[in-house]
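Bear in mind these aren't lab numbers, they're just calculated from the coordinates by the rules spelled out. These numbers come from a predicted model, not from an experiment. Cβ placement follows ideal geometry from the backbone for every residue including glycine, while neighbour counts extend to all protein chains displayed.
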Amino acid sequence: MLRDEVQKAFPGEDLNALRGNFINNEWVQGDGPSFSIISPSTGEVLAVLNEASQQQTADAVAGVRNWFDNGEPLTPFQRYELLHTVSKEITENLEIYAHLIVAESGKPLKDARGEAARAAQTFRLASEEAKRIHGEEVPLSGTPGSENRIGMTMRMPLGVVCAITPFNAPLNQLNHKAPTALAAGNGVVIKPPEITPLSAIRLTKAIQKAGLPAGAINMIQGRGEVVGEWLLENQDINAYTFTGSAAVGAHIHQKVGLRKTLLELGSNSAVIVHKDADISLASKLIAKAGNVYSGQICISVQRVYVHADVYAEFREALSTEIKKFVVGDPTSESTDIGPMISVEAAERAASWLHDAVEQGAKVVVGGTHDGAWFQPTVVENVTPDMFLVCREVFAPLMNIIPYTDLDDAIKQSNTSIYGLQAGIFTQNIDVAFHAAKKLEVGGVIVNDTSNYRIDQMPYGGIKQSGMGREGVRYAIEELTEPKLIVLNLRTPSL
């Protein structure tokens, strides 16, 4: 049973009353209503938690504010040691974390192991970057009248950072927020998703064990529309870092006003397969990138623009690759694709597919679902106004669209309200750079897909895909502010 795997992650604890709120170095049950964590693959109740009350939410924020204002700040080396210790803990317990991810999110075991390994890497990167935060000299003496002045900047932490995370990478999404905020010298309040909070609880226990001072990091549980709103209203929070939908991101930005926000939001990512592309490579990478974790990734491939000269060849190769995937039990070593996060999510995708077919779209492969399991699907003969094309489907479903002119394919890619990442397959460097300059996204990946991401690269989007950048060093820059220091030097008496 998956519940047994959860118990291994929390030895000796009562899963029917799991203390999931961490406030000023104490694990407590919430004073709000209880809620169950349910496995999307088996339907079993993995644990029962209680939502934090409004007072507990306020206490969690106040605790971090008090630590940041009055506590002893951690030196860069202390931050390095603490974060490096957590990285080692994740590595040493990688199987525990991986099985916990499988249980709560339905992610296949092979992918869950990859997420856990990336989490350890992200903490290691954060530990290293904690010792590298630096300012720069400002050449004030180059301005007439300031010949005796020297300017420099120091990067200062923002204060209290609120990290709100999504369900689809319950461990590593948090790891792009909490360790980077800590590395920068901030205090952190965490609100994990109410449907997949267990990885965050286990990770916070590891941070506590590593020796972080009381109040430097607190965590509260609950629904976004309740606990999340209390956090947005709390004026003691200096910055918010959020991953989720564009609608919620826009609400956060409007609600918190002038306070700093890092928003990593949705997308319907495009990939271009040009006429000189390596079709074998492109079909393999696109098949995986559109279906890993059932397409429930912000940068999953959704729109594939294929040159007409190679359309038939690519269509056949992509179909062949997709038919190789094993859909089934996420705990199995052989499974490639597990369930979507819920039956409701699968039914929404199925309804969009049905509407598209009614409007003339044709299913090339897949197209069926059974409960939360959605078969990997490719659709053609689509139009730009179909939900499958213009909205974020967040399911294992891709569209293939022919083109004859590269600039037209780029233009179609750019019609999206989103702009997170895009990919292009070509063996022509001039084509690659032309597309890289013209595609309206935060990142362009050449000879790979929009779904490529490693944890030290700058990651983020434009338009309704958000603002700011993740990626450890870049997130640290976002979560600090440059402070200018100017020295007016006088000629000394010697």
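What to note about this one:
- For the stretch 284-352, alpha-carbon Rg and Dmax in angstrom: 13.6, 41
- Amide H contacts of ILE38: LEU46, each under 5 Å away and 5 or more positions distant or on a separate chain (H built 1.01 Å from N in the peptide plane; Pro and chain starts excluded).
- Gyration tensor verdict on the stretch 36-98 (Cα atoms; rounded if a/c is under 1.5, prolate if a/b is larger than b/c, oblate otherwise): oblate
- Taking every DSSP beta bridge that has both ends in the stretch 109-230, the antiparallel portion is near 20%.
- Protection proxy ranking for 31-44, 289-302, 463-476, 367-380, using the average of other Cβ atoms within 10 Å per residue and placing the highest first: 289-302, 463-476, 367-380, 31-44.
- Long-range amide H partners of GLN221 with built H, under 5 Å: ALA52
- The mean sequence distance of close C-alpha pairs (under 8 Å, at least 6 residues apart), as a share of the length of the stretch 337-494, puts its relative contact order at 14 percent.
- Set of lysines near LYS284 by C-alpha distance (under 21 Å), chain-local residues within fewer than 8 positions excluded: LYS107, LYS110, LYS275, LYS323, LYS324
- Contact order relative to length of the stretch 1-114, as percent, for alpha carbon pairs under 8 angstrom and 6 or more apart: 28
- Aspartates and glutamates whose Cα lies under 13 Å from that of LYS177, excluding same-chain neighbours fewer than 8 positions away: GLU264, ASP455, GLU470, GLU477, GLU478
- Using every pair of separate Cα atoms, the Kirkwood estimate puts the hydrodynamic radius of the stretch 385-494 at 16.9 angstrom.
- Expressed per residue, the C-alpha convex hull volume of the stretch 327-397 stands at 77 Å³.
- The stretch 7-144: proportion of alpha-carbon pairs further apart than 23 angstrom, %: 57
- For the chain, relative contact order (Cα pairs under 8 Å, six or more residues apart, normalised by length) works out to 17 percent.
- Estimated dipole of the stretch 327-417 in Debye, rounded to 20 [Cβ of Lys and Arg +1, of Asp and Glu -1, Cα centre]: 120
- The chain, dipole about Cα centre (Lys/Arg Cβ +1, Asp/Glu Cβ -1), debye to the nearest 20: 1020
- Residues of the stretch 89-117 with an amide N closer than 18 Å to a point placed 7 Å from the Cα of SER334 along the Cα-to-Cβ direction: 108-111.
- Cα Rg, Dmax, the stretch 233-326, angstrom units: 19.0, 58
- Matching label, volume of the Cα convex hull per residue in Å³ computed from the structure shown, candidates (1) 150; (2) 135; (3) 165: (3)
- FRET efficiency for ASP309 and SER351, using Cβ-Cβ distance with R0 set to 35 Å, rounded to 0.05: 0.50
- Antiparallel bridge percentage (DSSP; both residues within the chain; nearest 5): 45
- Nearest-0.05 FRET efficiency for GLN456 and LEU484, computed from C-beta distance (R0 41 Å): 0.90
- Phi-derived couplings, Karplus 6.51 cos²θ - 1.76 cosθ + 1.60 at θ = phi - 60°, listed residue by residue for the stretch 261-269: 10, 10, 10, 10, 10, x, 6, 10, 3 Hz, with x used for Gly and Pro.
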